[in-house]
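Working notes for the structure below.
Nothing in this text is a laboratory measurement; each read-out follows from the coordinates by a stated rule. This one's a predicted model, so the numbers in the text were calculated from it and none came from an experiment. Note that each Cβ is placed from the backbone with ideal geometry, even for glycine, and that neighbours are counted across all protein chains shown.
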Amino acid sequence: MADSFFIRKTVNIDNDNNFHEDPIDLGAYVDALSSSVLTVHRVDVAFTDSTGRSLSMVQGDTASVAQFQLTTQSHADNVLLSDRSVIASGKIEAYTPSVTHSPLAATSSTSFDMAPQQFTNGYVVATENIYLGGSASTNFAGNVYVSVLIECTVTKMTQSKAMSLALSQQ
């Protein structure tokens, strides 16, 4: 098996209930005409503030949700897991009973819509970009940043299979 490497990306998904997305350029790794594709083995995700710290809430007795998606196509909003472009998706739900003692979420849970986030045989990507996007509700005290760490390898497949896969993922 080829040596794995990591791709990292952070996107500010704000705290305004709107969808925000940025591309991740894979042009250095993927070339369907040359039969090179990217195999994603694992996706790790973190929801933080701009400094990498835990998220705070605006007031006590509030709940907030932030969600992300990693896809092979650009989207204007969050999509369902059944969308063929979804590589990984998930969310964090946070609740704070009181900000008097601490504005940090007293309870938070994460869930991944597409589990596992570690793929047994890898998730093969033949597009030159993938897209990290998401949205966050307004009860977070500041902007929410979603970061991904993607473990990958570059693999070869026949040109016709690579082109077929690239077209199916666009």
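Compactness of segment 30-95, taken as the C-alpha radius of gyration over 2.2 N^0.38 Å, stands at 1.51. For residue 90, nonlocal amide neighbours, meaning residues 5 or more places apart or on other chains whose placed amide H falls under 5 Å from its own, are 68, 113.
What does the charge count near residue 164 come to, summing +1 for each Lys or Arg and -1 for each Asp or Glu among other residues with Cβ under 15 Å from its Cβ? Can you show the working numbers first?
Numbers: positive: 84, 156, 161; negative: 31.
Here the count lands on +2.
Between residue 18 and residue 58, the distance separating the two model label sites (each 7 Å from Cα on the Cα→Cβ line) works out to 1.5 nm. Placing one identical point scatterer on every Cα of segment 15-56 and ignoring solvent, what is log10 I(q)/I(0) from the Debye formula at q = 0.20, 0.23, 0.24, 0.25 Å⁻¹? Taking Cα atoms of segment 15-56 as identical point scatterers yields -0.88, -0.96, -0.99, -1.02. If contacts are Cα pairs under 8 angstrom and at least 6 residues apart, what is the relative contact order of the chain in percent? Dividing the mean separation by the residue count of the chain yields 44 percent. By the Kirkwood approach, averaging reciprocal distances over each pair of separate Cα atoms, segment 124-168 gets a hydrodynamic radius of 13.8 Å. Taking only Cα atoms and a 10 Å spring cutoff, compute GNM fluctuations for the chain and point out the largest among 56, 35, 89. Ranking 56, 35, 89 by mean-square fluctuation puts 35 first. Taking every DSSP helix (H) stretch of at least 4 residues in the chain, weighting each as -39,500 (n - 2.57) and dividing the sum by the residue count yields a mean residue ellipticity at 222 nm of -1500 deg cm²/dmol. Relative to the 2.2 N^0.38 Å rule of thumb, the chain has a C-alpha radius of gyration ratio of 1.13.
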